[in-house]
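See below for the structure under consideration.
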Protein chains: 2
Amino acid sequence: MSPSLVANGDFAAVKTAPVSGRLASVYSEVQTSRIDHALPLPSVLRNPFKIVDGPASSAAGNPDEIAKLFPNLFGQPSALLVPDGADSVRSDQKLKIGVVLSGGQAPGGHNVISGIFDYLQDLAKGSILYGFRGGPAGIMKCKYVELTADYIYPYRNQGGFDMICSGRDKIETPEQFKQAEETAVKLDLDGLVVIGGDDSNTNACLLAENFRGKNMKTRVIGCPKTIDGDLKCKEVPASFGFDTACKIYAEMIGNVMIDARSTGKYYHFVRLMGRAASHITLECALQTHPNITIIGEEVAAKKLTLKNVTDYMVDVICKRAELGYNYGVILIPEGLIDFIPEVQQLIAELNEILAHEIVDEEGLWKKKLTEQSLKLFDFLPQAIQEQLMLERDPHGNVQVAKIETEKMLIQMVETELEKRRQEGSYKGNFKGQSHFFGYEGRCGLPTNFDASYCYALGYAAGALLHSGKTGLISSVGNLAAPVEQWTVGGTALTSLMDVERRHGKFKPVIKKAMVELDGAPFKKFSSLREEWAIKNCYISPGPIQFVGPASNAVNHTLLLELDAQA
Amino acid sequence: MSPSLVANGDFAAVKTAPVSGRLASVYSEVQTSRIDHALPLPSVLRNPFKIVDGPASSAAGNPDEIAKLFPNLFGQPSALLVPDGADSVRSDQKLKIGVVLSGGQAPGGHNVISGIFDYLQDLAKGSILYGFRGGPAGIMKCKYVELTADYIYPYRNQGGFDMICSGRDKIETPEQFKQAEETAVKLDLDGLVVIGGDDSNTNACLLAENFRGKNMKTRVIGCPKTIDGDLKCKEVPASFGFDTACKIYAEMIGNVMIDARSTGKYYHFVRLMGRAASHITLECALQTHPNITIIGEEVAAKKLTLKNVTDYMVDVICKRAELGYNYGVILIPEGLIDFIPEVQQLIAELNEILAHEIVDEEGLWKKKLTEQSLKLFDFLPQAIQEQLMLERDPHGNVQVAKIETEKMLIQMVETELEKRRQEGSYKGNFKGQSHFFGYEGRCGLPTNFDASYCYALGYAAGALLHSGKTGLISSVGNLAAPVEQWTVGGTALTSLMDVERRHGKFKPVIKKAMVELDGAPFKKFSSLREEWAIKNCYISPGPIQFVGPASNAVNHTLLLELDAQA
């Protein structure tokens, strides 16, 4: 028997958040229940442990250049936490640690901070944790807040980055490194935890190198954050936030699928956040089984044109019309047009022309376009043509990011279907509905997986700093197993790096992990997509549950990748 | 201690739905868990009951005209189910009942059907339930499916209308009524349940009148459906689907709020489904506490102009900028511009001009506009001007519904802020992000409230038909109490009706229940909105939970209205 519906009158506005920080906030019942959600820790962190070093490391590419860029850190071994049977007495050193959130939000950031704090409380009592405000700028300007138990409490297991907020500044110039040093000295920092994506972790490593080069005691540990899922490798199997964001998007996609099947008259074009890599789109496809999914990396690898992509969609839509289905769901990654070489070419030509030529009404300017670009330009819907010509960024460049790809594709599909209708090869009805799912997913309440994963990442970062490690990224593994069996350690950030030549200089970069076409998630998707295209195999994951069925499920991408490695 | 994260490898794609209907479907773990969710019934339905008639009813307006339009039904008493101590022996009559879904989807429709079916199984064994396919057209064309236990099972507690699908046709002409009669005769129908909104329930009552006028045995009972929440009255305190849809939108709004607070640089303009009434927007505001909420009914009552609405937004944005907040969340009802008298006037003039005049490039055509409309037209952003001029429906009319009000308002706010910046009264930064939440909310898994409410509505419809009632709408009340204590009955559809003059004739209509400015929900909102505007009182309701905290909470609108009645 299910419980009765209780009208307790206090739905949503439940109780004022305890003390500071989210001061004016009231919490919903679900938010409140999450604050006290007890987080499991990997068993290695719950008992006495010691740190064991692995073999010397290299780099992801160009190790000689990386060695030159990181003379003090290159070759560092990875660190692994193992049970310490001897129950060795720990140092009673009190630490002063700083933490910073860098870049876009991802669900779970607050739990990384909670994890660091709890480590210090549990194993380095009397330590101090400073939160730098507003991202790396907070380090440079020495804008910080001391994070106390009371301060952190209302943010436990909550979404967002608002405990200390984030920012997109980088510490790059000698002057900026100097500012960071001054802050480290002023606050007498033993360590700094940088929570961020590929760029921010590269920056963390540069800071670590700089501090060590100057014989400063401040050590730096990174944590892998990004909903895009493109910061990962064997040792760091996932970036946090991806799990929650995908499940939020998949909930919406699943709802829209049932709507499509119920009305029978709409094609929903859903653009999903993720400008660089298409992991989010791929994961959402695996969770929901849409009729059509475009993966940017495949488009790039096969050098597909916009016409190819449109034709693929139109082919499926025509086949479905023959089967009596005039509806469907189509997933598109946010960065799709960045993956299409001909579009890049057109944009480059337009930027050049717009900078130097007068755009005449008669369209004579178009003669400056190469044949291929002219053909593409004419293929684009009029509204998009106008947008390309009219909307420029402050540098006068075409604003590619502002193009609503889902709407563009709807128009192109309409035009192509009309052509086929004239030819007699299409007799269906087509109505497109566009969606963009993005901001909704970056600040949701973290899933149980992200909540536990982030807590372990933070706790591990504390342990690594306490052990004197620097230039590592917090690494929690064996994620397909129950939390108790997760492995914990740190991976040399230099081992993830390659170099890129920018302005004639080598710059270190952590390469974005793109969707691999021979990776397990894409292979599973591509083995099923033809069936999904024609049949309606929709799955509706429903809202994220914190208790009960599916509340402890892990996303497909991670499971398939771990499975393939095993 | 929380449970471990179990990687069971079967997240999402769990098991094939049992038998027919959703044949090719696989279900997510959450969908699967919901199928067997046990539904509580009001205690009056769990024990022997009898039906007690109330006093004779009247109409919502123009009772004389309603009496003329419904000579056989007007004045019918309401029916109330009460416990029958005598445990009287029931008729063992086997019934043949039809059911139809009419209009847009709303979460819970499948549970109404389950409720009817279970009533027949429990109390009129051997009865047959037919589901008419694709809405009222299914009745007219006699397209139906016999609903068996196996057929219904996979749809229990599931979102969508896809069990039998829906449609927007109406049974209006004498010919169409004839077709409905033929179907009723052919299937030997004892009763028909019409699940729909205000129009569909009006139609249900016309059918009931028609069947009775022809001495047919087929009785008709309506059920109140619409996410918009605008079909309600004292006896029918809520339409189903509203609760779920609002909670889905509020989840997304809450996420976007935390995003806004974390980045500190965006104003999110969220347009919410609901073209006629602003109940959804109001409920979402009560759940999440946005900085600005526009309620269409207030705009209409105060005869506000688009400039007034823009100024209100800009005033709040400027005040917030002074406090250091360059971010916020703004809710807008889908139907906003339909509420603004001057916009209606402009559209009417444009339709007239576009039908008869040539639109010259120089803009001479604009001289045909009245002064007020010209001023408004010039106030509109250029993109909207172009949209108004270029996009017409098949009748040549301006497509108001296609205007993305949230984007229009962003542009107008930008322009006005720029003006204030020039004047020196605004020094902040403004970046708008637009959202439309609509289709995501119509087919979600019903909340526990909607699941139970729908099941009771359906079960009650079965009881009313079994008792020989017709022309009533299934009415379940006392909804703030636990399900066991809910009241169950039926309300005369004619008592909800008024007449409207259309094409020189009186037409019966159930008046849409609009947001009442002296109603409890609006009064609560208006007493708090100034605080919400300036302080950040955001609440993030989080995803709908089916188990644990908040899983049995009821929406604010319903609770406040019930409270005010009590």
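Within the protein assembly as shown, antiparallel bridges make up roughly 45 percent of the DSSP beta bridges whose residues both belong there. Taking the inverse of the mean 1/r over every pair of distinct Cα atoms in the range A:191-294 gives a Kirkwood hydrodynamic radius of 16.0 Å. Calculated FRET efficiency, B:Asn478 to B:Asp36, Cβ-Cβ distance, R0 = 22 Å: about 0.20 to the nearest 0.05.
For helix A:306-322, report the angle its Cα long axis makes with the longest principal axis of the Cα atoms of chain A; keep it between 0 and 90° and round to the nearest 10°. The two axes meet at around 70 degrees. Its relative contact order, with pairs defined as Cα atoms under 8 Å and 6+ residues apart, puts chain B at 22 percent. The long axis of helix A:448-466 is offset from the longest Cα principal axis of chain A by roughly 40 degrees.
Nearest to the axis that brings chain A onto chain B is this chain A residue, judged by its Cβ, with the distance in whole Å: A:Pro543, 2. In nanometres and ascending order, the distances from the A:Lys234 label point to those of the other copies are 7.5 (point 7 Å from Cα along Cα→Cβ). Comment: the Cα-to-Cβ extended label point of A:Asp315, at 7 Å, lies 5.9 nm from its counterparts in the other copies, nearest first.
For the range B:465-537, what does the alpha-carbon gyration tensor say about shape, rounded, prolate or oblate, given a ≥ b ≥ c as the root eigenvalues, a/c under 1.5 as rounded, and a/b over b/c as prolate? In terms of gyration-tensor shape, oblate.
Across peptide B:258-270, the average count of Cβ atoms from other chains found within 10 Å of a residue's Cβ is 6.
Relative to the dominant Cα principal axis of chain A, helix A:279-288 is inclined by about 70°.
Report, by chain and number, residues whose modeled amide H sits under 5 Å from the one on A:Ser239, excluding near sequence neighbours (fewer than 5 apart, same chain). Excluding prolines and chain starts, which carry no amide H, the hits are A:Leu231. Take B:Glu531, move 7 Å from Cα toward the beta carbon, and the resulting point lies 5.5 nm from the same point in each other copy, nearest first. Placing a label point 7 Å from the Cα of B:Lys307 along the Cα-to-Cβ direction, no residue of the range B:348-367 has a backbone N closer than 14 Å. Every helix of 4 or more DSSP H residues in chain B counts as -39500 (n - 2.57), and over all residues that averages to -12500 deg cm²/dmol at 222 nm. Pairwise inverse Cα distances across chain B, averaged and inverted, put the Kirkwood hydrodynamic radius at 25.5 Å.
Relative to its Kirkwood radius, the Cα radius of gyration of the protein assembly as shown gives an Rg/Rh of 0.98. Taking every Cα-Cα distance in the range B:415-548 and sorting them into 10 Å bins starting at zero, the pair-distance distribution P(r) comes out as 8, 18, 29, 23, 13, 8, 2, 0 percent. Under Stokes-Einstein, with the Kirkwood radius over Cα pairs as Rh, the value for the range A:169-216 at 37 °C and 0.692 mPa s is 298 µm²/s. With the convex hull of the Cα atoms taken as the outline of the range A:227-386, the averaged projected area works out to 12.0 nm². Just for chain A, what percent of DSSP beta bridges are antiparallel, to the closest 5? Antiparallel bridges: around 45 percent, rounded to the nearest 5.
No value in this document is a laboratory result; all are computed from the given coordinates. Please read these numbers as outputs of a predicted model, since none were measured by experiment. Positions of Cβ are backbone-derived with ideal geometry, glycine not excepted, and every protein chain shown enters the neighbour counts.
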